[in-house]
Structures are given as C-alpha cells and as structure tokens.
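See structure below.
The values are calculated or read from the model by the stated rules, or taken from the named source; none is laboratory data. Given the structure is predicted, the values throughout are model-derived calculations rather than measurements. Positions of Cβ are backbone-derived with ideal geometry, glycine not excepted, and every protein chain shown enters the neighbour counts. Accessible surface is based on the protein model in full, side chains and every heavy atom, while ligands, DNA and RNA are left aside. Shrake-Rupley method; radii C 1.70, N 1.55, O 1.52, S 1.80 Å.
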Amino acid sequence: AAPVQVQLVVPMAVVFGPGSVPGDLPRPLPFRDVQEMEISVNLRTSVTSRYEMLYRSATGQEEAALAAATAREADAALHPLQDTTLGSLTVYVVPETSPLLPQGIKVYVGKHRSALVRAGGSLAALQAQLREVAQVMSFTASSIAAALSDRVPDGQLSPDARRYLKSSLGYEITFSLLNPDPKSHTVDWDIEGAVNRYVKPVLDKLSLVANFSVDSQILYYAVLGVTPRYDKESSSFLLSAHSLPHVINPVEARLGSSAASLYPVLNFLLYVPERSHSPLYIQDKDGAPVSTNAFHSPRWGGIMVYNVEAPASPQASLPLHVDVDMARVMEVFLAQLRLLFGLSREEVPPEFLLERPGNEGLADWELDHLLWAHTVENIATVSTTLTSLAQLLDKIGNIVIKDDVASEVYRAVASVQSAVTELSLGHLHAAFQASKEAVTSSERAFFDPSLLHLLYFPDDQKFAIYIPLFLPMAVPILLSLAKIVRETRQRKKEPTKMD
C-alpha cells in the first residue's frame, strides 16, 4: 500500500470552574499546551494524534451554568456557550467536591462536544484524565487501526475491528418482516411510522457522514435455514449461538436487495417464528437466553425473533392477528445499527458517565468519532486506488489516457492533500468533505470505461485477431518476393554476354 502520513489535530479547551485550578500550573492562565501521541499502524503508515489544549478560567456565564443542580442541566446550559466546530472538545474542570458528578464518577460526557471532569489535584493527574476524555470523545488507537484495517497486520487487530462497516458515500437500509407461516399469523407492522419516529432522527444526524436510503418488505414463507432444538424444560424452541451463522445464507437468498445496490446494504430482519416452532429463543455461547432475542452479523445487519403469544383458548380461529410492538423492535435495530457503525459504548472506562443521546440516536461527539475514522479511511483508500491505477497503467504500454481521466486523478490527489492539510489544522469537517471528494474522483478515474476495454485487449490477442486477416493476403506477396529474390540471384550468377 502507498505510504500514508496523517496528523490528527484535536482542538481542546480546558476550562477551570471556581475552586478547581490545580496548584502546580506552570504559568498563569490562560496558556496553551500540546500533547502528541504516535498511533502505530505499520511501517508505511504513520498516524500522529495531537491535542492542542487551551487552558483558561471559566467566564461568568460558564460559572453560572456550572452552578446547575445536575450534570445534565449544566451540559444543556453550557452548550450555547461553547465551540461547536466538528472535532473540537471543551472540558470543564469542576472541584473534587462538586455535587454535579455522582459518587465514584470522575468524568461526565455530555451529548454535545463537552465533558465535566473532577480536578485531580495535580496537573499531571488532570492531564492523564484529559487524555482519556479526548480518546473517548474523538478517536482511540483502536478506532484508527480499525479504519486502516486493510493496512494493519491481522494479529494486531481487535476482533471488533472487522465488525465495523467500511466507509462509503452511501448506505442502503432494508427492514424485512419474515412471516414463514401466513396460515397461522397475519402480521401487521407500522414500519413507515416507526422509521419516521425512530430511524429518521438518527439518519438526519448521520447525513453528514453519508447518504442513506431506507426501504422495507414483507417476505412470506421465508424460513430460517436451521431447525431449532426443542427444550422440554421450558417447552420452547432454542437456537444456539453456533447455529446462528447458518441462519443467514438461506434468508439472504430471499432478500435480493444487495444484488442491484451500488452501496453497502444493511439488513434488519424481524422474524415471526411459525406456529410449530413457537416460542423461539436465541441462546448465547454459555447457553443463557439472549435478553433481546436478537443477534447481529458484522457488516451485514441483524435479525430479531418476535414471538407471538399463544391464544388462550385452543379453539381460537387462525390466522391469528399480530400487531408488532415497533418501539421494542426499533430499540434493538438501532442498537445494532450503532454497533455496525462502531459506536459501541462498551469500551468506556468505568469511572466515566455518558449522557444518553436521546431520540437523535447519537451524541455530537459520536458523530465526530465516525468522521475522524472515515476521513482517515478515505485518505488510505484513495492512496491505494491511485497506486493501483498507476501500477496498472505502467503494465499496459499502449493505453491511451483521456484528459478527463487525467483530470480526475489530479483532482483526487489535490483533494487528498487538502484533506491531510485540513486534518493537521484541526478542521475535521473540511477534511472529511475533501476526503469524500477524493474518493469520488479516484473511483471515477479507476473505473473509467475508456480504460476498461483496453485491459481486455493485450498484445497476444492482437496477433490472434490480425494474423488470420493478413495471412491470405500475405501468402501471394511472400511468394512473389521469394521469386524476385531467386531471379536476382540467378541474374548475378549468369556472366554478362560480350558483343
């Protein structure tokens, strides 16, 4: 892969509330400080993270906001007062005794781009805490390694790294209701209302990252590829963890959405088990039932099993009418969507308290988290694409490169350079936009139709095509040439007659 050198700059404001200034500050407030860290990927890829910190005292308005009763109220009051630039962070330092943070919690991360931190007494303790906050709210070494997963040696990657979706200009989301037994169940689901209520706010927030399209379908007689095991004790049917991978292939054959799609497709399936296999429960590796009765597959999507209450009287007429509880279903699907985008909150240190993002589905800093990772991934993708294109053109000596292909290559190179520059200035939004333009241009150049047909026309094919055409004409020409040569030789041998 082509060498990639990126410096990720995070602008951070560290604001000291009343009574929280450590005694060992090196100079009076305000002052600036820089912390750098190397993120090791491989020899040809160097990523440096640089936290540019501005230490200052709180303003009167900020002090008033920090006097709120709860951390959530303080977060809401501080939001209009802080820098809302994408990728920037504001950390408010509060005294050790502050009632804003619950017992045992050192850091509260709000739903915008700020956090509250207990003063650690010394500057060194505070700086260690700030580094942790910055990593949670912007990017960690593992999130950057996951973004550059194509370049990282396999042994160094965490198992989660391959779970996240690759960066793309767009994604298609398909919600499918699987009713394998329509004779027994008539299933109604208000998917349109649920998408508008639960999914749309999340996708509006993510629209900065990519374009999204959503569709839905109902599939009848679509069964899982695995027969569940009957459990006498609980008189229910069980799907064990090791059989889950075999569930997807047979179902996927019926979905038919990814075949015609330009973009990655995320499949969310709601499966209403047939009457003969109800109720159906999913077990984890230890044999315990999974509370959500759902599972997800990396880079593919998720499946949720929705059991139907058995009728009270055995004489109930079939088919049973089922109204799906969409709030319960969407809660599971949105959690799976977050996992697929790598927005899991499980890796956060225990002394951190993270504010719930509310109906938007993700906090502002989580959006930044995605943008950092996708920008780095886009830069790496473009450098790989352009390197591959250059190697390809080197191999084909007689290829004609049109002006529009050349200009796309120049545009891709310029956009990548611009993205790298913007990252080093701490302008995340501009860097991400430039990296998206670079991807578009490099793909256009690589897949340009004018290059494509020359790939399938190498020299040996030319001989194979043209020799049969020229051979019939060449035979008489060659024979007459041979005759002329013969006659010329004979003429030289005969002595000239003297009169």
Does residue 370 fit the bill of being modelled with pLDDT of 90 or more, under 30 Å from residue 189 (Cβ atoms), open to solvent by 30 Å² or more (accessible area, probe 1.4 Å) and among the aliphatic types (A, V, I, L, M)? no
1 or more residues in contact (Cβ under 8 Å) with a residue 24 or more places away in the chain and open to solvent by 60 Å² or more (accessible area, probe 1.4 Å): qualifying strands (runs of 3 or more DSSP E) within segment 297-367: 320-323, 352-354
Tell me yes or no: at least one residue of segment 251-259 is of a type in the set (A, V, I, L, M, F, W, C) and open to solvent by 30 Å² or more (accessible area, probe 1.4 Å). yes
Does residue 16 fit the bill of being in contact with a Lys or Arg (Cβ under 8 Å, 6 or more places away or on another chain), open to solvent by less than 60 Å² (accessible area, probe 1.4 Å) and of a type in the set (Phe, Trp, Tyr)? yes
Take the residues of segment 19-45 that are part of a strand (DSSP E or B) and modelled with pLDDT of 85 or more: which is most open to solvent (accessible area, probe 1.4 Å)? 32
Turns out the helices (runs of 4 or more DSSP H) fully within segment 60-155 with at least 2 residues that are at pLDDT 90 or above, open to solvent by less than 60 Å² (accessible area, probe 1.4 Å) and at negative phi are 60-66, 71-78, 123-137
Can you tell me how many residues within segment 404-432 are open to solvent by 60 Å² or more (accessible area, probe 1.4 Å) and not aliphatic (A, V, I, L, M)? 7
Which residue out of 291, 243 is under 19 Å from residue 336 (Cα atoms) and polar (S, T, N, Q)? 291
Just to be sure before I move on: is residue 419 part of a helix (DSSP H, G or I), more than 24 Å from residue 200 (Cα to Cα), touching a Lys or Arg at 6+ places or on another chain (Cβ under 7 Å) and hydrophobic (A, V, I, L, M, F, W, C) in the structure I sent? no
